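Below is one structure, written out as structure tokens; the observations come after it.
The values are calculated or read from the model by the stated rules, or taken from the named source; none is laboratory data. This structure is a prediction, so every number in the text was calculated from the model and none was measured. Ideal geometry is used to build each Cβ from the backbone, glycine not excepted, and the neighbour counts take in all protein chains shown. When the accessible area is computed, the model is the full protein with side chains, heavy atoms only, and any ligands, DNA or RNA have been set aside. Shrake-Rupley method; radii C 1.70, N 1.55, O 1.52, S 1.80 Å.
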There are 2 protein chains.
Amino acid sequence: MSTETATAFADVPQLYKRHIFACYTQRPPGHPRGSCGAQGAQPLWDRLSRKLEAERLADVGFTASGCLGFCRAGPLMVVYPEGVWYAPKTPEDIDEIVETHIKGDALVDRLVVVLTR
Amino acid sequence: MSTETATAFADVPQLYKRHIFACYTQRPPGHPRGSCGAQGAQPLWDRLSRKLEAERLADVGFTASGCLGFCRAGPLMVVYPEGVWYAPKTPEDIDEIVETHIKGDALVDRLVVVLTR
């Protein structure tokens, strides 16, 4: 977003410092598109939501989403307003995203997915 | 987000100029929490997704979401990275959001919902 455009929205009060969306799409085994669910998303998102709650990160929103596209790259989550996409694979990945990005305000480079349209 | 924090993420390539999330939660009639679906969300989101497609706004993401909270304020949608929440009620509201905000880079003040935690 250009600086000019960003300025037009600069005064909008923010509900959250960050808002995380995580894909809960579950397609059946063998489905040609695959899905985040088929790639093990559910326990990861369970851990993420529990961790956000346990850390009392009240200024962080967490919302289940439908298909975010790029199904083969999943499990996919995206963090706004930064627009950072992550593909965590393990519980440790989730913990690192929370510690480093959500609490530490820094990218977890190794888990970032750069997607192109 | 502070300027300092924003700077830490300034180099992340963006998949979309904007990403819209719209709540598709449907609770049964009479449910005490209500839901966006019970307040007529579905035809509005249908119109929104068709309009984005018809206008070939390829740099705008549209994703179905689960419950965004604040169910009584719905139907709710949120536009990132601006973090602007809207509660459209009619097809004309949807058209105005697309024309004014998504294409015109300006707020639709009358449809903004300011939510607080």
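Structural remarks
- Helix-only CD estimate at 222 nm, as mean residue ellipticity for chain B, using -39500 (n - 2.57) per DSSP H run (n ≥ 4): -6000 deg cm²/dmol
- Residue-averaged beta-carbon neighbours from other chains (10 angstrom radius) around A:9-19: 6
- Dimensions of the protein assembly as shown from C-alpha coordinates, computed as largest minus smallest value along each principal axis and given longest first, are 46, 41, 36 Å.
- Between B and A, accessible area buried - total, square angstrom, nearest 100, 1.4 angstrom probe: 3100 Å²
- Dipole size of the protein assembly as shown about its Cα centre, with +1 on Lys/Arg Cβ and -1 on Asp/Glu Cβ: approximately 920 debye, rounded to the nearest 20.
- When peptides B:17-25, A:9-17 are sorted by average Cβ neighbour count within 10 Å, with the highest value leading, the order is B:17-25, A:9-17.
- Of all accessible heavy-atom area on chain B, the percent that carbon and sulfur account for (1.4 Å): 51 percent
- C-alpha long axis of helix B:41-54 to longest principal axis of chain B, angle in °: 40 degrees
- For B:LYS103, label point 7 Å along C-beta direction: distances to other copies, nm: 4.6
- Test item: Cα-centred dipole of the range A:70-117, Lys/Arg +1 and Asp/Glu -1 on Cβ, debye: 340 debye
- Largest-first ordering by accessible area, 1.4 Å probe, given options B:ARG110, A:ARG33: B:ARG110, A:ARG33
- Of all beta bridges that DSSP places with both ends in chain A, some 55 percent have antiparallel geometry.
- Cα pair count fraction exceeding 15 Å, expressed as % - the range B:22-61: 48 percent
- Surface/4 of the Cα convex hull for chain A, nm²: 8.0 nm²
- Averaged over peptide B:55-62, the number of partner chain Cβ atoms lying within 10 Å of each residue's Cβ comes to 1.
- For a label point 7 Å along the Cα-to-beta-carbon line of B:ASP11, residues of the range A:96-117 with backbone N under 18 Å: A:101, A:105-115
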